[in-house]
Structure formats: structure tokens, C-alpha cells
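Undergrad: What follows is a single structure, and I will ask about it in a moment.
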There are 2 protein chains.
Amino acid sequence: MATSSLAPPEVPMELHTGNRDRLITALRAHLSATASPPRGLALLQGGEEQTRHCTDHLELFRQESYFAYLFGVREPGFYGAIDIASGQSILFAPRLPPDYAVWMGEIKPLSHFKDRYKVDLVFYVDEIVQVLQDRFSEHGKPLLFLLYGKSADSGNYSKPASFEGIEKFETDLGTLHPILTECRVIKSEMELALIQYANDVSSEAHIEVMRQAKPGMKEYQLESIFLHHSYRHGACRHCSYTCICATGENSSILHYGHTAAPNDRTLNDGDMALMDMGAEYNFYGSDITCSYPINGKFNSNQTIVYNAVLKAHNAVISHMQPGVKWIDMHKLAEQTILESLKKEKIIHGDIADMMARRLGAVFMPHGLGHLLGIDTHDPGGYPEGLERPNEPGLSSLRTIRELKEGMVITVEPGCYFIDALLRPARDDPISSKFFNWEEIEKYKSFGGVRIESDLYVTGQGCKNLTNCPREIWEIEAVMAGAPWPPHAAATKAENGLPKA
Amino acid sequence: MATSSLAPPEVPMELHTGNRDRLITALRAHLSATASPPRGLALLQGGEEQTRHCTDHLELFRQESYFAYLFGVREPGFYGAIDIASGQSILFAPRLPPDYAVWMGEIKPLSHFKDRYKVDLVFYVDEIVQVLQDRFSEHGKPLLFLLYGKSADSGNYSKPASFEGIEKFETDLGTLHPILTECRVIKSEMELALIQYANDVSSEAHIEVMRQAKPGMKEYQLESIFLHHSYRHGACRHCSYTCICATGENSSILHYGHTAAPNDRTLNDGDMALMDMGAEYNFYGSDITCSYPINGKFNSNQTIVYNAVLKAHNAVISHMQPGVKWIDMHKLAEQTILESLKKEKIIHGDIADMMARRLGAVFMPHGLGHLLGIDTHDPGGYPEGLERPNEPGLSSLRTIRELKEGMVITVEPGCYFIDALLRPARDDPISSKFFNWEEIEKYKSFGGVRIESDLYVTGQGCKNLTNCPREIWEIEAVMAGAPWPPHAAATKAENGLPKA
Ligand SMILES: [Mn+2]
Ligand SMILES: [Mn+2]
């Protein structure tokens, strides 16, 4: 039976007040720098509950991320505004029909939301035009800064707030998105605490999975154990993303686990497992990958690939600090992996030459890591002026920024044996020469290894928020029943009186 | 540690072939009856994967229900067609980009889908115009029957298939929806087997929750236990609906458990729990409610309300058979509950008078039950010509049809003490006289009780697909650790040799 040391923390609404303060400061600085009047309101529309197709099946609602960042509101149907001059925050709550009380729960008075979300004013959504006109027109038609901008990850545009009567206001679509996105890049201490907690939950749940995994089980049973541990003990109802529970050859499918590849394989003795799973707590997420053999003992091929990736993971972490360029960290990871593969004679030739030909991307086609926060792929990876590279591997990078203190970023090097990438490498007469195809043949159905931790960039270096066994001996010990973290057991032993 | 007797069954694709055959038969009959040519194709568009707002966060995809019914396709992005004259079935699969193989998994050849889904032909979505024109134009422009109609539950309209070039075809929006909906109302044996399995999983998971529930736990921990048991042991990744884990006063909130009322209360000694949770297996669902005291022992008030509801539940089931009108079953449940409440002096006066004044709806504001299948609220409750009643309680009925052999319908009477309904009843001088307000005061924070089973209408009566302890003594025994189902233990004892 699983035990747990987790205690779901209270979430201070000052976290979101602080987020709003950072936006106000940034907006004022921007308006001042562009010699614009320090006026107007940032206006955002929260998410709406969705039904499935034409039915009345309600999907479990999760707040839109920018709105969650600023207001922390968990309920659907809200709008929120922040007055730049005064700093006042205003929520607009949906006016619920009387029978909501019977079907959905108590209809809370506006004062409830004012207290709960620590905003200055609360009105109903249907009062939005009047409130904005009555209270914020001293300098003429109020100017509304709406959220409109492109996600560098999805290519989709955020939908600016809309409501009946919006044409009565001046609106600005270009200012808010980049500024608010940049606010989200640097995490406050309170945000960090939640990301740390999500990491604590996920680390513990990963260990629970690791301990229960056995040949004969199904991948989805491992998913279920993770979800249950995170929810039951960690109070995490949502995950940051659909669990990737990939075993055997599936572990080379980077985003395995979705409906068309639904974690339904049977675990075999001798398989590697690649478990990429992260819980979310009060909107803030985690993103952790553990790789290990299902039978609890690394064989020699598994040891080779695993240690190649672990070395890259550790090398990156030891180099991370403010000012370091993420693209250089990516290349460091690639190079470290290539060097290990060369040592094992899986590849041969000049590493610098291979790097120049971007052959690292054959083994690691994804980026080294991404900003993490309210979204798994948190926005801000490519602020205006920073272009996504075109070259193989580098083009997958979700950011190429310089690290800054306060960023949270994942470090997730991987090494995979992917037919769809090895085939063209073999067909190309120049690149083909770098590979020892006979040796690679031995890894044909190996799949891949990924090791992913969540890192907080500090003033001098970085702090690993993830706490999972990473060394092979640690993993084997934990899978055999040893306590984790090890010092917990040590502490207990120290504190216990010796038996007489 | 939970054990389980569950073994997730293989899903025969003949189930969906059979569903298509029923549609073809019904469409041919309709065309013949309206003296229309027996030609054209039913064309449906499957669901698309959705990202969350502007991000690249993919929601776990679940197929649109009408499409799932006909084709059983779990992957997003498909179209499907059925030729009425020949009976041929055609799937159109999305053409995936080459890098899908790296990120999402193997790009399956069209033959894979032909084999897996047992259809006659498979093409790519981008070939749809050409295929329909080339193969189905012998009688002129092919006529496409598209799915367009209103859900009686949500009031939303299904979105007819659309694709570039659709204007090259004649289209019919009115015919398909009512006919296909009616097909879904009567379940085949293979459909029934899946609904039975979903019931088996859910019944077992409910019992696991019941056994683990203890004062001091959180409601969401009960939800987590249900989800885990259903997924780990039952292979059910989806639930039919968001779990309602309502304890104490929350049990009078009919659709508790959503994001704004998220199963986050602490369980107290003395609380009733109302657990409305159902797993889904291969699209087919279940919908089960168990009500019981968290501390495992019914007190006298709990006994009174519980037994009132159980009597109604059992009375309805004993009356169900083809030809019985569902609205009469609803009234039977109301009347049975009112009689019990009168016996306990919670209300007084003439029951027929109360029924005429629709006072049963004060205690049971929802409908007695609904069709169940691929949707929790399966469509077909109000076919053309059947109008939803207006009166309190009756207006909540999701169907007022006559029962037919092959229907699966939930029986879910409830009795709640809901402020928002008791207040107006008290304020009304006529209705107020029927209530013993002093007695009702004792149930102020009671919440409510609901007992919900899934029933299959047979030729002579009905079959209960749900297998949960329902009698108070059974519940108390199971919560105290007695085996369930009881005969499982009995069987084991019978088979075991007596100890010498
Ligand atoms: Mn990641
Ligand atoms: Mn129901």
C-alpha cells in the first residue's frame, strides 16, 4: 500500500495579486518608455465550460492560463480587468440562473469572489460596459488592452476578450500579450513554491509507479497508479499533460500516450520504460521523465544508453546559470550523448563534424527543454526578435533564450533509436559513414531513454525541483524496495533510539 | 489492497458493423416509405483533437458519439460514409505529416484501418470529393445525408460534416439525425455486453470506494479511488461524466463535482455520501449512484430517507416492462417517496393532492432516469412529436417515452432537502400546509439520497445491470468488510473442501 509524505498546501491569493502587480509595473514602464499616457485597462476573458460536441456532457473545466495567472479564478465564465493608473483589479462574474442552486451548487454572492480572489471590485459580466464607462472614463473613452498574440508552441493566437458593447471602447491588441508573457517567464517565490509542490507530488508518484511496475502489467496501469497517487495524496486533479507511459519500442515515440497510441501495450521482461508524467497543482505544473527497465535491472545496452543521457542531463545542470544560452545547453547535451555513443562504438568519426552536420538530432530530435509554469510549455520561449532556428534538432527547441534568474525550465535530454530518422541517415552517403550500423542494429527495438527534471535558475546556478532516483544503482535500489529519498530513511534511523 | 475480478474484454468490431446495418435498414425503410429513391450516402465527420485555448496542450480525445456508434474509430480527424444502396462503408483517414512518426507514433497504412474497423473501403480525407464522385455518381450527383439535429438534453445542434468541395454534392440535413438517433435507442446484444462490462467495473469500483471511505478523508480521494479502480483493473480511461462525490450538505447539489464545486470537502462522521460515478469502456458507459453514511452505520434520519428512496427505486424496477410510460414511472417514484415521508410525518395531507400540485418535485427535482449508452444522457428521449412537459419535476424528465425492449435506462430516484426549493414551498400558503416544517428542520443539513441503477428493458420486464449493495444491512456489511457480491464468497466456500 502506498504511503505518502505529501500535504497539499493552502494557496495564497497573494500569488495572483503579485502576478498582477508585476504586470502593472511592466505596463507602466512600457507606456512610459513609449511616451504613452499611463492609462487604460488590461482586460482578459476567462475560459468557458465546454460541452462535448452536441451533447450535454461537460468536460472538466480548467481555466485559461493567462487568466489563471492574473486572477487565480477556477470557475468558468469570468472576465477580469486591471486598471493601469490606479492598479485596481476588477472581476466580472457570470450571473447564474436561479436553478443553478439546485443543479450545480450555491450561487455565491459577489462578495465571495472579492474575498476569495482578493480583488478590489466585483461585478456581473452583464455590467461590464457600464462599469468600465462609469468608473474609468475620466480621460475619455477607456482604452482596453486585450490579449492577442501567437503561441510559439502551437502557432495559435489567443482570442482577445469580447463582449457585447466592446465597440464603445478603444482597444489595443498588440501591447498586452508580449508584456504579460514576459511576466510569466520569471517566477515569483510563491509560484516557485507551487511548482515545487507539483514536483514533490510527481516525484513521489513516479517512485510509486517504479515500485509497482512489473512484467505482465499494461502501460495504462502505470498511468493509473501515477494519477491516483497524485490525486489521492497530492490533491492534483489535473495533470500538466496526458501521461506518456511508453515501454519497449514505444519509448521512441516522443509524445506517446494520446488516444491513437493509448498506453495499451503489455510490459515485457527486458523492456525499458519511459514514463513522462507530471501533476498540476492550482494551475502550476511539473514535467518529469523517468526511464528504467521494467524488470528492475539494467542490462548492458540499457546501461549504455541510460548513462549517455544521464551524463548529458547532469552536464547541462552543472552548466546552467544566468546568462547561459539555452541553445548552447542543447548542443552540450547533444555533444555529451554523441561522445558516449562514440565511446561505445555506436558511432564513429569526428564529433565536431557530426555536430556541424546536426547528427545529434538523429538520436535526440526534440529540444533540450522548455519553460514550465501554468502551461507545460510555458509561453515566452521566443520573444519578439528571437527567431526559431531551422536546423535539425535546433528547430525543435521551444526556446533559445539566455537563462535568467527566476526561470523554470525543463532539462530533458533523450537518446532514441527511431526508424524514421535512422533510415534517412543511413540513406545519406555522407552521414551514413558516422554510424556503426551493425552496432545500431542491436538497438533496433530498444526504443529510447529520456531523463527530465525541472530546474529553477538561481542567481549563481540552478536548483533541481525534481527528486527522483537518477543513478542506475539508485533506481535499482528503489525498485527493489529501498526508501526514497534515502535521507528520509537515514533520518528515521538517526532519530530512532538503538534497540537495547 | 484492492483486488478485482475484472477482465477487460476484447471489443468485437461486429458491434459497429451491426450498428451500421441497423442504420442502413432504417434509412432504406424511410426512403421506401416516403417514395424516395433508395440512394445516397450517410456521411459523418468524426471529432477533432482540441488544444486548450491558444496553447499546444492537447486534451485527451474522445470520439464524437454518433461517429463512435457507427464506426468505432478511436482516432481523431476521420470521416465516415455509408452507401445506402450497396451498404458499403467507407472511412476517410487523415493524411498525417511525416514527422508524426517521430512525435506521435507509427503512421498506419490505410489497410490497417480497413482491418481494424472492418469497413469496406478506406481513403484519405483529402480524397473525399473524388471518391464520392468517382464511385457513387451512377445516378447523378451523389446525395449526402448529413447529421444535423438538436440534442434534447443540451439544446445544441450537431454540426453536419463539412469539407472543401461539399458544394459539389446534394445534401440533406433533415433525414439522418432522427433515424440514426432512433437506432441508438435500442441496444444490440453486443452493445449491451459493453454497458454490462462498464457496469461491472463501476459496481466494483463503487464498492472499493465504500470500503475505503472514512471520516477525515476528502471527497476527491473517493473520486481518485473510483477512477483508479476503473482504470487500473477495468481498463476504463474515461468516465461517462465527472464524478459526483458529494458528502454532507453537498449531496443535495445534483451535479456536484465540477470545477466550481470540486469534491473538496472533508468527510465528517455522521455525513451521508452520495457517490454518482460511472466508468466508460470502448465508448459505452455506465451511470451509478450509491448513497451511504461515511461512518458505515445508518442513523435513524438516514434510514428514513434512504429507505424512502430505495422503495421507489425497487417499485419502479418491479413495474418496468415494454409499453410502460416513463412519465408514469417517474410519478410512481414520486408517490412512493411522498408516502414514505408521510408515514414519517415529514409531510402530511392527501398524496394525490400533493401529486397534483407537483410537490414531489420539491424533494426530487430531477427526472427519474434517462437513456444510457455511448452518451450518459443518450439521445432519443424526445423523438419528433413528443413534447417535454412543463410542470415542476416532469419538466426535468429526459424522456417520457414508452419503454421498449432493448432500451437501457437509468432508474435514479432521489430525495433531497434543498433550501432553494423548500423556501418557495414554505412561502406559498397552499403548498406550505403539506409540509411538517418542524420535522423538516431536522433534515436541514442532511443533503440528500440518490440510488441509481442501469436497467435493460427485456421482453417481459427488465434486467438490472448494476450490482451494488442496496439494502441497508447489505451496505453496512460491505462497509464493514463483508464480501460483495455475497455469492462470490458463498461459491468459494462451497467449492472449498471443509477443513478436517
Ligand atoms: Mn517536457
Ligand atoms: Mn444518471
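Residue-by-condition table, conditions (1) outside any loop (DSSP other than H, G, I, E, B); (2) open to solvent by less than 20 Å² (accessible area, probe 1.4 Å):
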site: A:N268; (1), (2): no, no
site: A:C290; (1), (2): yes, yes
site: A:G296; (1), (2): no, yes
site: A:Q302; (1), (2): yes, yes
site: A:A308; (1), (2): yes, yes
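Undergrad: Do we have any residue at all in the stretch B:361-378 that's open to solvent by 70 Å² or more (accessible area, probe 1.4 Å), away from ligand 2 (no atom under 16 Å from the Cβ) and in contact with a helix residue (DSSP H, G or I) (Cβ under 7 Å, 6 or more places away or on another chain)?
TA: Our first condition is that a residue be open to solvent by 70 Å² or more (accessible area, probe 1.4 Å); within the stretch B:361-378, this holds for none.
For the stretch B:361-378, residues open to solvent by 70 Å² or more (accessible area, probe 1.4 Å), away from ligand 2 (no atom under 16 Å from the Cβ) and in contact with a helix residue (DSSP H, G or I) (Cβ under 7 Å, 6 or more places away or on another chain): absent.
Undergrad: While we're on this one: Checking A:G87 against (1) buried (at least 20 other Cβ atoms within 10 Å of the Cβ); (2) within 22 Å of A:L132 (Cβ to Cβ); (3) away from chain B (no Cβ under 14 Å), only one condition comes out false. Which one?
TA: (1)
Undergrad: Here are some residues: A:C236, A:C183. Which one is open to solvent by less than 10 Å² (accessible area, probe 1.4 Å) and either within 12 Å of chain B (Cβ to nearest Cβ) or within 27 Å of B:T259 (Cα to Cα) (or both)? Walk me through how you get there before you give the answer.
TA: Numbers: A:C183 fails: open to solvent by less than 10 Å² (accessible area, probe 1.4 Å).
Going through A:C236, A:C183 in turn, the sole match is A:C236.
Undergrad: Which residue pairs have Cβ atoms closer than 7 Å, lie 6 or more positions apart in sequence or on different chains, and pair a first residue in the stretch A:286-299 that is on the phi > 0 side of the Ramachandran plot with a second residue that is modelled with pLDDT of 95 or more and away from ligand 1 (no atom under 16 Å from the Cβ)?
TA: Partner pairs satisfying both residue conditions: A:G296/A:E476; A:G296/A:M479; A:G296/A:A480.
Undergrad: Turning to a different aspect of this structure: Answer yes or no: is there a residue in the stretch B:124-132 that is part of a loop (DSSP other than H, G, I, E, B), touching a residue at least 24 places away in the same chain (Cβ under 8 Å) and surrounded by fewer than 17 Cβ atoms within 10 Å (Cβ to Cβ). Spell out the reasoning first.
TA: The first filter runs over the stretch B:124-132 and keeps only residues part of a loop (DSSP other than H, G, I, E, B), leaving none.
No, every residue in the stretch B:124-132 fails to be part of a loop (DSSP other than H, G, I, E, B), touching a residue at least 24 places away in the same chain (Cβ under 8 Å) and surrounded by fewer than 17 Cβ atoms within 10 Å (Cβ to Cβ).
Undergrad: Right, next: Quick test for you: out of A:G105, A:G80, pick the one residue that is open to solvent by less than 60 Å² (accessible area, probe 1.4 Å), farther than 30 Å from B:Q63 by Cβ and at the interface with another protein chain (Cβ under 9 Å from one of its Cβ atoms).
TA: Numbers: A:G80 fails: at the interface with another protein chain (Cβ under 9 Å from one of its Cβ atoms).
Of A:G105, A:G80, the one residue that is open to solvent by less than 60 Å² (accessible area, probe 1.4 Å), farther than 30 Å from B:Q63 by Cβ and at the interface with another protein chain (Cβ under 9 Å from one of its Cβ atoms) is A:G105.
Undergrad: Out of B:G393, B:G385, I need the residue that is in contact (Cβ under 8 Å) with a residue 60 or more places away in the chain and at positive phi. Which one? First the steps, then the outcome.
TA: Details: B:G385 fails: in contact (Cβ under 8 Å) with a residue 60 or more places away in the chain.
B:G393 is the lone residue from the list that is in contact (Cβ under 8 Å) with a residue 60 or more places away in the chain and at positive phi.
Undergrad: Now for a separate question. Kindly evaluate B:E334 against the criterion of being at pLDDT 95 or above, open to solvent by less than 10 Å² (accessible area, probe 1.4 Å) and among the charged types (D, E, K, R).
TA: Details: at pLDDT 95 or above: yes; open to solvent by less than 10 Å² (accessible area, probe 1.4 Å): yes; among the charged types (D, E, K, R): yes.
The answer is yes for B:E334.
Undergrad: Something else now. Would the stretch B:197-205 turn up any residue that is touching a Phe, Trp or Tyr at 6+ places or on another chain (Cβ under 8 Å) and without any contact (Cβ under 8 Å) to a residue 40 or more places away in the chain?
TA: No, the stretch B:197-205 has no match at all.
Undergrad: Something else: Select, from B:L394, B:L341, B:L403, the only residue that is out of contact with any strand residue (DSSP E or B) (no Cβ under 8 Å at 6 or more places or on another chain) and of a type in the set (A, V, I, L, M, F, W, C). Walk me through how you get there before you give the answer.
TA: Values: B:L341 fails: out of contact with any strand residue (DSSP E or B) (no Cβ under 8 Å at 6 or more places or on another chain); B:L403 fails: out of contact with any strand residue (DSSP E or B) (no Cβ under 8 Å at 6 or more places or on another chain).
Answer to the selection: B:L394.
Undergrad: Here's another thing I want to ask about it. Could you identify the single residue in B:S318, B:S291, B:S286, B:S252 that is small (G, A, S) and within 14 Å of B:G369 (Cβ to Cβ)?
TA: Exactly one residue qualifies, and that residue is B:S286.
Undergrad: Are there any pairs, at least 6 apart or on different chains, whose C-beta atoms fall under 6 Å, with the first in the stretch B:5-17 and within 19 Å of B:S89 (Cα to Cα) and the second open to solvent by 70 Å² or more (accessible area, probe 1.4 Å), and if so, which?
TA: B:M13/B:K118; B:L15/B:M190; B:T17/B:K118
Undergrad: Would you tally the residues in the stretch A:136-161 being open to solvent by 60 Å² or more (accessible area, probe 1.4 Å) and more than 13 Å from every other protein chain (Cβ to nearest Cβ)? Reasoning before the result, please.
TA: Restricting attention to the stretch A:136-161, the residues satisfying the condition of being open to solvent by 60 Å² or more (accessible area, probe 1.4 Å) are A:138-139, A:141, A:148, A:150, A:157, A:159.
Those left that are additionally more than 13 Å from every other protein chain (Cβ to nearest Cβ): A:138-139, A:141.
Count: 3.
Undergrad: Just the residues that are part of a helix (DSSP H, G or I) and more than 9 Å from every other protein chain (Cβ to nearest Cβ), please, taken from the stretch B:240-261. Walk me through how you get there before you give the answer.
TA: Taking the stretch B:240-261 first, the residues part of a helix (DSSP H, G or I) are B:248-252.
Within the stretch B:240-261, B:G248, B:E249, B:S251 meet the criteria.
Undergrad: If you scan the stretch B:270-288, which residues turn out to be open to solvent by 10 Å² or more (accessible area, probe 1.4 Å) and part of a loop (DSSP other than H, G, I, E, B)?
TA: Selection gives B:G270, B:D271, B:N282, B:F283.
Undergrad: Right, next: Hey, any hits in the stretch A:54-73 for a residue that's surrounded by fewer than 21 Cβ atoms within 10 Å (Cβ to Cβ), touching a Pro at 6+ places or on another chain (Cβ under 8 Å) and not β-branched (V, I, T)?
TA: There is at least one residue in the stretch A:54-73 that is surrounded by fewer than 21 Cβ atoms within 10 Å (Cβ to Cβ), touching a Pro at 6+ places or on another chain (Cβ under 8 Å) and not β-branched (V, I, T).
Undergrad: I'd like to know if the stretch A:392-406 contains one or more residues that are at pLDDT 95 or above, more than 16 Å from A:I327 (Cα to Cα) and not basic (K, R). Even if it seems obvious, please write down each step before you answer.
TA: Here is the first cut: in the stretch A:392-406, the residues at pLDDT 95 or above are A:392-406.
Cutting the leftovers down to more than 16 Å from A:I327 (Cα to Cα) gives us A:405-406.
Narrowing further to those that are not basic (K, R): A:405-406.
The answer is yes; a qualifying residue exists.
Undergrad: Oh, and also: Residues in the stretch A:310-328 that are in a helix (DSSP H, G or I) and open to solvent by less than 10 Å² (accessible area, probe 1.4 Å): how many?
TA: Selection size over the stretch A:310-328: 5.
Undergrad: Can you tell me which of B:G448, B:G414 is in contact with a helix residue (DSSP H, G or I) (Cβ under 9 Å, 6 or more places away or on another chain), crowded, with 20+ Cβ neighbours inside 10 Å and over 15 Å from B:I317 (Cα atoms)?
TA: Working: B:G414 fails: over 15 Å from B:I317 (Cα atoms).
Answer to the check: B:G448.
Undergrad: What residue, among those in the stretch A:210-224 that are closer than 25 Å to A:L60 by Cα and more than 7 Å from chain B (Cβ to nearest Cβ), is surrounded by the fewest Cβ atoms within 10 Å (Cβ to Cβ)?
TA: Initial filter on the stretch A:210-224 (closer than 25 Å to A:L60 by Cα): A:219-224.
Of the ones still in play, those that are also more than 7 Å from chain B (Cβ to nearest Cβ) are A:219, A:222-223.
Numbers: A:E219: 27, A:L222: 28, A:E223: 24.
Of everything passing the filter in the stretch A:210-224, A:E223 is surrounded by the fewest Cβ atoms within 10 Å (Cβ to Cβ).
Each row is one residue, and each column tells you yes or no for (1) away from chain B (no Cβ under 11 Å); (2) closer than 21 Å to B:D264 by Cα.
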{"residue": "A:F67", "(1), (2)": "no, no"}
{"residue": "A:P76", "(1), (2)": "no, yes"}
{"residue": "A:K114", "(1), (2)": "yes, yes"}
{"residue": "A:Q133", "(1), (2)": "yes, no"}
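Undergrad: Tell me, please, whether a residue that is within 21 Å of A:N263 (Cβ to Cβ), touching a His at 6+ places or on another chain (Cβ under 9 Å) and open to solvent by 10 Å² or more (accessible area, probe 1.4 Å) can be found in the stretch A:190-205.
TA: Looking through the stretch A:190-205, at least one residue is within 21 Å of A:N263 (Cβ to Cβ), touching a His at 6+ places or on another chain (Cβ under 9 Å) and open to solvent by 10 Å² or more (accessible area, probe 1.4 Å).
Undergrad: Could you grab the pairs with beta carbons closer than 7 Å, sequence gap of 6+ or different chains, first residue in the stretch A:359-379 and more than 10 Å from chain B (Cβ to nearest Cβ) and farther than 22 Å from A:I253 by Cβ, second one more than 11 Å from ligand 1 (Cβ to nearest atom) and assigned to a loop (DSSP other than H, G, I, E, B)?
TA: Pairs found: A:L371/A:G380; A:L371/A:G381; A:L371/A:T399; A:L371/A:M407; A:G373/A:K187.
Undergrad: With the structure loaded, tell me whether B:I409 is touching a strand residue (DSSP E or B) at 6+ places or on another chain (Cβ under 9 Å), more than 16 Å from ligand 2 (Cβ to nearest atom) and under 23 Å from B:A333 (Cβ atoms) or whether it fails that test. Before you say what the answer is, go through the steps one by one.
TA: Numbers: touching a strand residue (DSSP E or B) at 6+ places or on another chain (Cβ under 9 Å): yes; more than 16 Å from ligand 2 (Cβ to nearest atom): no; under 23 Å from B:A333 (Cβ atoms): yes.
Criteria not met by B:I409.
The values are calculated or read from the model by the stated rules, or taken from the named source; none is laboratory data. Here the structure is a predicted model, which is why all the values come from computation and not from measurement. A quick note on method: Cβ atoms are made from the backbone with ideal geometry, for glycine too, and the neighbour counts reach across all protein chains shown. Please note that ligands, DNA and RNA were not included when accessible areas were found on the heavy atoms of the full protein model with its side chains. Shrake-Rupley method; radii C 1.70, N 1.55, O 1.52, S 1.80 Å.
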